[in-house]
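The values are calculated or read from the model by the stated rules, or taken from the named source; none is laboratory data. Predicted, not measured: the structure shown is a model, and the values here were computed from it. With ideal geometry, Cβ positions are generated from the backbone for all residues, glycine too; neighbour counts draw on all protein chains shown. Areas reflect the complete protein model, heavy atoms only, side chains present, ligands, DNA and RNA absent. Shrake-Rupley method; radii C 1.70, N 1.55, O 1.52, S 1.80 Å.
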Amino acid sequence: MDSFVITRKKMSELLMALQPADNTAREQSPAPQAILQKAWEEFQQQLSGLDITASPMLSATLPPIYEKLLRGRSHKEGLSLNEIAALGNQVEYSNFSITSIQNWVKRDIKDFIGSPRLGKKYSLQQAALILIVEDLRATLHFDSIRSLLALLFMNPEQDEDDVIHPLNFYAAYATLYEELDRNNDQVLDVHGHDPLRLRHDHMLELIISNKTDDHMSKLAPQSHCHRTLIRNALVIAITSVQTTYFQYLAKKYMNATLLSCQTSRKNE
């Protein structure tokens, strides 16, 4: 049976629900248990291909990281790098390595992640930043990632100067991606091809751009510079998430090829 993983949108909803009780986003979020139960139902329905009532989600079947989150103290206790890696690996088509994350926080994004805010552990906002970096790595090298983080999140030791908070940014592009993939086939929906035209490469860019423009029109008033920054960053992130699926697919077939060749050689 396939492993139980969740979408980025569900992960963002889960992290939002785990914020302090006085947080506005928390007040508008379902309970963490409800979010996971909904994700579990959707997962089971995908496996069966039928619109049936899913069996109850049992805590015994959940990875340990979910059990910690469901205790509801993550915003106070924080998350270790091992726990953030475990959390990231619950997201579909992601592949987090604790060694890689340690290198990121010590070297590659040290100036943006900052020091652990909760004793020796990291806050939910810092965890979201690491999830964002993993997605951006699908399309950008670290010099470009650092440039983008510097524009969006500025001083790592405080959230007040962020153009947009990491968790809000993660939630925004995760939600937009799902809206652009209504049939959930992991490929962004592109309609309106003209069979008489030879090239349609502009259409995907136009669809993503229009979706992000529509999202930006619903946000609170901001300077033109900040609106353009967030809008372009969302386009980059959505494109990156799409790329993670193709990378996953390529690696899957590469691994299958190597395994097949090794098996064939042993049988010769």
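Is it fair to say residue 244 is free of Cβ contacts under 8 Å to residues at least 60 places away in the same chain and crowded, with 20+ Cβ neighbours inside 10 Å? The answer is no for residue 244.
The condition of being in a helix (DSSP H, G or I), modelled with pLDDT of 95 or more, aliphatic (A, V, I, L, M) and in contact with a helix residue (DSSP H, G or I) (Cβ under 8 Å, 6 or more places away or on another chain) holds for only one of 35, 65, 101, that being 101.
In the stretch 93-108, which residues are buried (at least 17 other Cβ atoms within 10 Å of the Cβ) and closer than 20 Å to residue 63 by Cα? Once the filter is applied, which keeps residues that are buried (at least 17 other Cβ atoms within 10 Å of the Cβ) and closer than 20 Å to residue 63 by Cα, the stretch 93-108 yields 93, 94, 96, 101.
Criterion applied to 159, 111, 143 was being open to solvent by 10 Å² or more (accessible area, probe 1.4 Å), part of a helix (DSSP H, G or I) and at pLDDT below 95, and the one residue passing it is 111.
Checked against the criterion of being aromatic (Phe, Trp, Tyr), open to solvent by 50 Å² or more (accessible area, probe 1.4 Å) and assigned to a helix (DSSP H, G or I), the stretch 252-264 contains one or more residues that satisfy it.
Scanning the stretch 163-190 for residues that are over 18 Å from residue 131 (Cβ atoms), open to solvent by 30 Å² or more (accessible area, probe 1.4 Å) and part of a helix (DSSP H, G or I) gives a single hit, 179. For the stretch 114-137, name all the residues that are open to solvent by 20 Å² or more (accessible area, probe 1.4 Å) and under 21 Å from residue 233 (Cα atoms). Matches in the stretch 114-137: 125, 134, 137. Among the residues of the stretch 220-238, are any over 30 Å from residue 111 (Cβ atoms), open to solvent by 50 Å² or more (accessible area, probe 1.4 Å) and either outside any loop (DSSP other than H, G, I, E, B) or basic (Lys, Arg) (or both)? No - not one qualifying residue is present in the stretch 220-238.
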